[in-house]
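Here is the structure we will look at.
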Amino acid sequence: MEDCLFCKIIKGEIPSNKVYEDEYVYAFKDIEPAAPVHVLVVPKKHISCLNEITKEDELLIGKIHMAIKKIAKQLGIDEDGYRIINNCGKDAGQTVMHLHFHILAGIKMGEKLV
Ligand code: AMP
Ligand code: ZN
């Protein structure tokens, strides 16, 4: 989608620190890491947020999670663990309107919100 930051990153129009890529998914380092490991995992298809997924995206959501598993192993964080965060909408603080999952790891994380 035009004027979408993450679509531009996926197309290579804006540079990124790529961690993983396959047919469906692109993953890159967050520019402002909130933990020693902070990776963003995004579908190549533009979907603005979780509210917008449809029945036809069911497979894609599975692909994203399979990619997260592979990335965790690739980065060596699978044993110690990691946290996945998806911010949807303004109360969650979503700033980029292209569906993305944060992988946070490399530090013992604090309290959970839920
Ligand atoms: P969210 O607040 O969930 O929408 O997350 C957006 C994330 O994108 C933030 O953690 C930003 O640091 C990150 N971000 C913004 N611009 C870039 C960029 N050009 N490259 C990598 N990460 C970015
Ligand atoms: Zn996009």
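The values are calculated or read from the model by the stated rules, or taken from the named source; none is laboratory data. In this text, all values refer to a predicted model and were calculated from it rather than measured experimentally. Methodologically, a virtual Cβ is constructed for each residue, glycine included, from the backbone with ideal geometry; neighbour enumeration extends over all protein chains shown. Accessible surface is based on the protein model in full, side chains and every heavy atom, while ligands, DNA and RNA are left aside. Shrake-Rupley method; radii C 1.70, N 1.55, O 1.52, S 1.80 Å.
Just a few scattered comments:
- Qualifying aspartates and glutamates (Cα of each under 18 Å from Cα of K45; at least 8 residues distant if same chain): E2, D3, E13, E21, D22, E23, E56, D57, E58
- Here is the P(r) of the chain: all C-alpha pair distances, binned every 10 Å from 0, give 13, 47, 34, 5 in whole percents.
- Calculated mean residue ellipticity, 222 nm, the chain: -7000 deg cm²/dmol, from DSSP H runs (n ≥ 4) at -39500 (n - 2.57) each, averaged per residue and rounded to 500.
- Ranking by accessible area, most exposed first, for M97, M1 with a 1.4 Å probe: M1, M97
- Cross-link pairs exceeding 25 Å between alpha carbons, from the set K44/K70; K63/K108; K8/K112: K63/K108; K8/K112.
- Only protein atoms count toward the accessible area here, which uses a 1.4 Å probe; on the stretch 5-106, the carbon and sulfur part of that area reaches 52 percent.
- Available extension along the chain between A92 and K44 is 15.0 nm, counting 0.36 nm per residue and deducting the alpha carbon span.
- Label positions at L113 and M1, each projected 7 Å from the Cα along the C-beta direction, are separated by 2.1 nm.
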